[in-house]
Amino acid sequence: MSDVSYSIKGFYGYGALADNNPNAVALLGELSAFSRTFSQDRLLFSTASGSTPASTVDVTVFSSVKEDGTKLGVARPVSNLLLDIAAWSYRQALLGTFTMNTESYRVAVLAEFNGKIRDVTVGAMIDNGTIKLPGSVTFYMVPAGLTGPWQPGEQTALGDDPRAKIWISDDRFRREYDESTHVFVAPLWPLDDFFLPPATVREKVQSRTLSQTMQLIRDAEDKRPTTFVRADEFNYVDPGDPTFTFPTSWSYLIWGAAGDNIDLIKERLIDWILSNSTHTREEWAAILPDLFTATEIIVLPMWNQFSVENSPIKAGVYSPVVNMNTAKAMGHAGFTGTGYNAQHIDDNMAVTGIPFKSVALLVCGGPENRGGKKRFEQMWPDYMNVPSNNNTDFGRMSLATQGLCLMLEEMLKVAETMTEFSDIPTTMTRLKRTNADVGEFLYLVKSYEKVQYLVASAQSIQNYFPPTGWKDIDLTNEGAEGMTAMPNGTGGTPYETFFQATGGTGVYTYELVDAAYGPILSHTIDPVTGVYEATLDPVGGDANVVVRVKDTSNAYKQKTFTLHVIAGTNPQP
């Protein structure tokens, strides 16, 4: 899987497939009223199917963002591509092209849109009794292969790895769409009024009526139907007299089912409060400890240690053997957040194992944990490193500890491949933190038994601690190190060369990043051997050839080579 420079998520709608019975939603091609609330501002693009019978074809865009979270409009070449794929998919489905095997769709769509998309992943096929289509389709776009017009800066904004995920099943969309937006209604405004004398704060909080709160919620909704509206109470505590306490109610407007997650709500609520207040996080934690003081455990899987590396046919196995100096260095880098200084980490870090691929875990509790429990073994004294199918030993742990083990394995499966834009379960969230050296770590987050667990992604760990025994991947043309010029070609004659990768781990996969252009009329690369073949224009000229190679860990190297084509004397017919 490539990294993602831009992400667009949407839904394919087909008017001819809509179920117009009361309270009914078609299996394919129809968005429910509930799903339409998943974004504050949806974009809609439409065309005709070009089929018999005909149908309207819609692409509803729910999210269009760059890697850094910046929202982008949808460029015309991108919307054209999405509509073309939507209409083509419908026509082919009517012809019976697709079976219940996802490969029938993947192979066909790659062939039809060759040079425009790559790395296609197809969700499970769905049969509505008339046609078969996938529940979702995910692919990377090739901007150079898309037809314009591009507006200034649009193509550059997409970056090298723009990714699209489009759903065709409302049921899959409701369960899988992982983005959300929150708007908050505080019990007091301005927020800094919380730092008035405690008695005054209580009077102001208790003076607001339910009808006033409902009006504030309607104002915040601003005619944008929400997915959920919920409220939670957090106790106000007088820093000078901890016995003086009272509840404060905070309301949330949520767009997107994935947003109904208390971990994500608290994270965003804290950010919102701090951005609208002149007071520090520490000052807020003193008066709203239930909100600002999290009980958490950070888990750093040692994703960089392999006993058996990945191969094309078998997943690798991580090494459970831990060098303490390595563990200490990783802990000091990866345990991030308020109060995670070297002393706290050295005093509270533990090393343990888990059956999932034999990976070793570094574990540390948060400095602000309730009850002073900052070490994993204090919280889970009966934890065992035994597989869940070992009924004898696994059953000796308490039910709560068994649940923890199952949850950690579930999180590890996701964190191993998680990136900024990868799909994750809606019961989990992503969190970024920065350490003292300005190193950024990405964590998968889920709560269990009122404790928040943060599991570091493999991408983050391997970024700062490259896998042992690995060498950086390098890519050459015919083994010529340091050279990016390919052997000259002659227009009108067949051209062949090869690319060669070194370093990394396991078997390599080669691919072309850009479509053919200029003097290169068409070109291909063998994904296994790296052999490159091209058809060259007799007129000649110069062109760039961008090649990407990936190893079995999905690490990759992308490099631009130059090809000079000498004008030929025998033009092609």
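The values are calculated or read from the model by the stated rules, or taken from the named source; none is laboratory data. If you're wondering where the values come from, they're calculated on a predicted model, not measured in any experiment. Cβ placement follows ideal geometry from the backbone for every residue including glycine, while neighbour counts extend to all protein chains displayed.
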How many residues of the range 497-519 are of a type in the set (S, T, N, Q) and either part of a loop (DSSP other than H, G, I, E, B) or surrounded by fewer than 16 Cβ atoms within 10 Å (Cβ to Cβ) (or both)? The answer is 2
* State whether the residues of the range 167-180 include one that is free of Cβ contacts under 8 Å to residues at least 60 places away in the same chain and farther than 30 Å from Thr243 by Cα. => yes
query = Is it true that some residue in the range 249-264 is part of a helix (DSSP H, G or I), more than 19 Å from Tyr453 (Cβ to Cβ) and either free of Cβ contacts under 8 Å to residues at least 60 places away in the same chain or not assigned by TED's automatic domain parsing to the domain that holds Asn435 (or both)?
reply = yes
Of Glu176, Glu154, Glu233, the only residue that is touching a Pro at 6+ places or on another chain (Cβ under 6 Å) and of a type in the set (D, E, K, R) is Glu233
Phe98 meets each of (1) under 18 Å from Lys9 (Cβ atoms); (2) in a loop (DSSP other than H, G, I, E, B); (3) of a type outside the set (Ser, Thr, Tyr) with one exception, condition (1)
The number of residues in the range 181-227 that are over 30 Å from Asp241 (Cβ atoms), charged (D, E, K, R) and assigned to a loop (DSSP other than H, G, I, E, B) is 3
Going through the range 303-356 in order, the residues found to be at pLDDT below 95 and either at positive phi or β-branched (Val, Ile, Thr) (or both) are Val308, Ile313, Val317, Val321, Val322, Thr326, Thr336, Gly337, Thr338, Gly339
Taking the conditions exactly as written (assigned to a loop (DSSP other than H, G, I, E, B), under 20 Å from Asp84 (Cβ atoms) and at pLDDT 95 or above), does Leu44 satisfy them or not? no
Pairs returned, first residue in the range 401-421 that is at negative phi and of a type in the set (Asp, Glu), second residue that is crowded, with 17+ Cβ neighbours inside 10 Å and assigned to a helix (DSSP H, G or I), beta-carbon separation under 9 angstrom, 6 or more apart or interchain, are Glu409/Phe356; Glu416/Phe356; Glu416/Lys357; Glu416/Ala458; Glu420/Gln459
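I'd like to know if the range 334-343 contains one or more residues that are over 30 Å from Ile270 (Cα atoms) and of a type outside the set (Asp, Glu).
No: the range 334-343 contains no residue that is over 30 Å from Ile270 (Cα atoms) and of a type outside the set (Asp, Glu).
Results for (1) touching a residue at least 60 places away in the same chain (Cβ under 8 Å); (2) not small (Gly, Ala, Ser), shown as yes or no for each residue.
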| position | (1), (2) |
| --- | --- |
| Gly15 | no, no |
| Asn20 | no, yes |
| Gly29 | yes, no |
| Thr47 | no, yes |
| Ser51 | no, no |
| Ser55 | no, no |
